[in-house]
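Student: Take this structure, written in structure tokens, and hold onto it; I'll ask about it next.
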Amino acid sequence: MTLKRFFAILFTVTLGALAYTHQQLHLVRLSYALDERYDQWQIAAQRQSYLRTQVLALASPQSLDRHLSQAQVRLAFRGPTHVVHLAAVPAMSSTASQPAWLALTTEAEASTDAAAHVDPGDLQD
């Protein structure tokens, strides 16, 4: 075996060992990054669960009642004259050229126009 061949084999083996070591180091770095991301995900999931619980607690009727009573907000319930009655939606027929709910838009517009002309003085009880 010549000296030139020996160094060529030694160079190839060393290069292979360096490539393998680099690959293993890269895998270890990715593993640590993955563990860190997983920990961040768990923290975010716990925070989301906590915040969802807080939102549901704040939106509960008991909480709203407590906040309204602390702020001394007085709610006035409107009389029967301020009740809006909506017409029932008729069944759609297959022979109609337009859907039945489109015909209700003119009724809704008429109801809104009539409701828009309510005297503001009547609303304060």
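Student: Of Ala33, Ser60, His22, whose Cα points farthest to the positive end of the dipole of the stretch 3-65 (charges on the beta-carbon: +1 Lys, Arg; -1 Asp, Glu; origin at the Cα centre)?
Tutor: Highest projection toward the positive end goes to His22.
Student: Hey, rough spin-label estimate for Leu56 and Val83, points 7 angstrom out along Cα→Cβ, what's it come to in nanometres?
Tutor: 3.4
Student: Once the convex hull of the alpha carbons of the stretch 3-65 is built, what does its volume come to per residue, in cubic angstrom?
Tutor: Cα-based convex hull of the stretch 3-65, divided per residue, equals 36 Å³.
Values in this text are rule-based calculations from the coordinates and carry no lab data. Note that the coordinates shown come from a computational prediction; the quantities given were computed from them, not determined experimentally. Cβ coordinates were reconstructed from backbone atoms using ideal geometry, including for glycine residues, and neighbour counts include every protein chain displayed.
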